[in-house]
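Report on the structure given below.
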Amino acid sequence: DKMKPFSKLGAMVMTGALAMSATLAHADTIKIGVSYPTPTHAWAAGMNWHAEQAEKRLEALYPDVDMILVNSSDPSAQASA
């Protein structure tokens with residue numbers, strides 16, 4: 001089932017955005033950061049593309065949310081990002 005990782009990523013991003021929606025009335029902008037691996041093969045490139053599409057949809061749906069996506073080259077860089 002190739003779409004499960006994309007579904008899980010989308011669910012994680014959506015859950016984070018919905019969790020923050022209650023605080024939107026009290027803050028100017030909510031920032032949500034997501035770090036994911038730099039694409040080195042087609043699967044990772046697809047995951048990154050879907051993350052970027054989810055970012056666009058969520059920012060359009062929640063104008064007070066700023067999604068920040070960061071590519072990281074290795075697990076240590078991903079953890080610190």
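Here, each number is a calculation from the coordinates, and none is a lab measurement. Predicted, not measured: the structure shown is a model, and the values here were computed from it.
Couplings for segment 63-76, taken from phi via the Karplus curve 6.51 cos²θ - 1.76 cosθ + 1.60 with θ = phi - 60°, read x, 8, 10, 10, 8, 10, 9, 10, 7, 10, 7, 8, x, 5 Hz in order; Gly and Pro are left as x.
Gain on full extension, evaluated as 0.36 nm per residue between Asp28 and Ala81 minus their Cα-Cα distance, stands at 16.8 nm. Put simply, the amide H of Ile32, placed in the peptide plane, has neighbours under 5 Å in Asp66, Met67, Ile68, leaving out anything fewer than 5 places away on its chain.
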